[in-house]
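Take a look at the structure set out below.
A short reminder: the numbers here are calculations on the coordinates, not readings from a lab. No experiment lies behind these values; they were computed from the predicted model shown. Positions of Cβ are generated from backbone atoms using ideal geometry, with glycine treated the same way; all protein chains shown enter the neighbour counts.
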Amino acid sequence: MRTPIIAGNWKMHKTLDESVAFVRELAPRLEPFAGVERVVCPTFVSLAAAADALRGTPIKVGAQNVSHEEKGAFTSQIAPDMLAGLVEYVIIGHSECRQYLGETDELINKKAHAALNHGLKPIIAVGESLQQREAGEALPFVERQVRAALADISAEQMAQVVIAYEPIWAIGTGLNASVADAAEVCGHIRSIVRDIYGDAVAGALRIQYGGSVKPGNMLDYMGAEDIDGALVGGASLKVDDFTTLVELAAQAKGV
Ligand code: PGA
């Protein structure tokens, strides 16, 4: 049985004070849903304060990116050991980072290794563009991203990895992938992982769907066997919506 995981990706939202106030309000609301892993990913500026405010609660903290370098002359970057001990998760390969920061599959693989080497759990994001979807290339494209991101990651390390399928055209647009399409890609991701690592690793891997997830469509996605949770942008910025998403995940998965 895989533990469902709902992660809120705040992107470039909320100041330090807003972040702390938000998690203080959110934590007691999410507390009852112990069968769901609940993660918030504030900006770097707010990570330490959010982690402090959440200490002693079951809500976990994630970062939105990490450098693959250990230290050095990399202005603006955050090294994995700066996050180790502060956060449990780190989002890697978000399509906005691929697009705006020019992150490549090769770099994302390096970041995944760096995270795992420092005890951070990567949430590796993959997903196709609308053009690729319309050209019928979604599955092979996502397959290439998954295989590249996982290069040389061991079966043992895979226990720490989460994969998030986020079709680019569905992120922040209000357009969401149909449940059938999302389930097909998530099933394909699991079959790729089965091909590389075998049944046990594939069966244990948690795969999230992301892209305009909201209370109104959450149950549909969570009804899919291969979708184990969600990576949520917009709806994670509101306490009520985020709470409802976690509640619906618990309900759908019977946890
Ligand atoms: P969205 O963002 O829920 O606002 O579409 C999801 C994401 O980018 O992780």
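For the reader, a short list of remarks on this structure follows.
- Selection of chymotrypsin sites (Phe, Trp or Tyr not before Pro), segment 37-95, meeting DSSP coil and at most 16 other Cβ within 10 Å: PHE74
- Which of ASP228, ASP152 has the fewest Cβ neighbours within 10 Å, and the rest in rising order: ASP152, ASP228
- Assuming charge only on the beta carbon of Lys and Arg (+1) and of Asp and Glu (-1), the dipole of the chain about its Cα centre is about 420 debye to the nearest 20.
- Sum of side-chain charges, ALA79 neighbourhood, beta-carbon under 14 Å (Lys, Arg +1; Asp, Glu -1): 0
- Over segment 1-135, Cα pairs under 8 Å with separation of 6+ residues give a relative contact order of 20 percent.
- Estimated FRET transfer efficiency when R0 is 30 angstrom, pair MET12-SER191 (beta carbons, to 0.05): 0.30
- Amide H contacts of ILE78 (H built 1.01 Å from N, under 5 Å, at least 5 apart or other chain): SER67
- Rounded FRET efficiency, nearest 0.05, which uses the C-beta distance separating ALA73 from ALA135 and R0 of 35 Å: 0.30
- Quarter of Cα convex hull surface for segment 195-252, i.e. mean projection, nm²: 4.4 nm²
- Nearest-20 debye value, segment 1-108 charge dipole, Cβ charges on Lys, Arg, Asp, Glu: 380 debye
- Here the residues THR244, THR75, ranked from fewest to most Cβ neighbours within 10 Å of their Cβ, fall in the order THR75, THR244.
- Residue order, fewest to most surrounding Cβ atoms within 10 angstrom, among LYS111, LYS14: LYS14, LYS111
- In terms of its C-alpha gyration tensor, the chain comes out rounded, because the ratio a/c of the largest to the smallest axis stays below 1.5.
- Helix-only mean residue ellipticity at 222 nm for the chain, each DSSP H run of n ≥ 4 adding -39500 (n - 2.57), per residue, nearest 500: -13500 deg cm²/dmol
- Mean sequence separation of contacting Cα pairs (under 8 Å, at least six apart), scaled by the length of the chain, corresponds to a relative contact order of 21 percent.
- Straight-distance crosslink candidates among lysines, where the alpha carbon sits under 25 Å from LYS110 and sequence neighbours closer than 8 are dropped: LYS11, LYS60, LYS71, LYS121
- Contact order relative to length of segment 106-255, as percent, for alpha carbon pairs under 8 angstrom and 6 or more apart: 21 percent
- Protection-proxy order for peptides 94-100, 154-160, each taking the mean of Cβ atoms within 10 Å per residue, highest first: 94-100, 154-160
- Estimated at 0.36 nm per residue, the fully extended path between ALA84 and ASP152 surpasses their Cα-Cα distance by 22.3 nm.
- Of the DSSP H helices in the chain, those whose Cα atoms cover at least 20 Å axially and whose Kyte score averages 0.0 or more: 16-30, 179-197, 239-253
- Taking a ≥ b ≥ c as the square roots of the Cα gyration tensor eigenvalues, segment 122-255 comes out oblate, since a/c reaches at least 1.5 and a/b does not exceed b/c.
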